[in-house]
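Contents: one structure, followed by commentary.
The values are calculated or read from the model by the stated rules, or taken from the named source; none is laboratory data. Everything numeric here is computed off the predicted structure, so don't read it as measured data. Cβ coordinates were reconstructed from backbone atoms using ideal geometry, including for glycine residues, and neighbour counts include every protein chain displayed. Please note that ligands, DNA and RNA were not included when accessible areas were found on the heavy atoms of the full protein model with its side chains. Shrake-Rupley method; radii C 1.70, N 1.55, O 1.52, S 1.80 Å.
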Amino acid sequence: MIVIDSGGKDSIRQNLYARDDLKLNPQEWEKMIKRFFLQFGNWCKAMKSSIYASAVYMAIVYQIPLIILG
């Protein structure tokens with residue numbers, strides 16, 4: 001089972017850490033933020049989508065049959 005929760009500012013901080021400190025591809029990051037802002041009017045939705053997508057990815061990789069997203 002995977003239980004994942006979006007903690008608001010904590011989740012945003014984690015994503016900013018990945019972008020700024022771990023140097024994960026900033027060009028792709030900016031494209032994703034812009035796309036989500038234009039499509040949904042919310043740039044933070046890009047970060048939340050990353051959180052939820054990672055739960056599904058891990059469930060597939062480790063063959064976990066149940067995911068609870070909060």
Seminar exercise, completed: If we keep only residues of the stretch 26-43 that are touching a Phe, Trp or Tyr at 6+ places or on another chain (Cβ under 8 Å) and in contact (Cβ under 8 Å) with a residue 12 or more places away in the chain, then the residue nearest to Ile12 (Cα to Cα) is Ile33
Problem set entry | Residue selected from the stretch 1-20 under the condition open to solvent by less than 90 Å² (accessible area, probe 1.4 Å) and of a type in the set (D, E, K, R), by the criterion modelled with the lowest pLDDT | Arg19
Exercise. Considering only the stretch 45-64, how many residues are free of Cβ contacts under 8 Å to residues at least 12 places away in the same chain and either open to solvent by 90 Å² or more (accessible area, probe 1.4 Å) or hydroxyl-bearing (Ser, Thr, Tyr) (or both)?
Worked result: 4
Problem set entry | Output for the stretch 21-70, where each listed residue is of a type in the set (Asp, Glu) and either at pLDDT 85 or above or in a helix (DSSP H, G or I) (or both) | Glu28, Glu30
Exercise. If you go through the stretch 22-42, how many residues are exposed (fewer than 10 other Cβ atoms within 10 Å of the Cβ) and within 19 Å of Ser54 (Cα to Cα)?
Worked result: 2
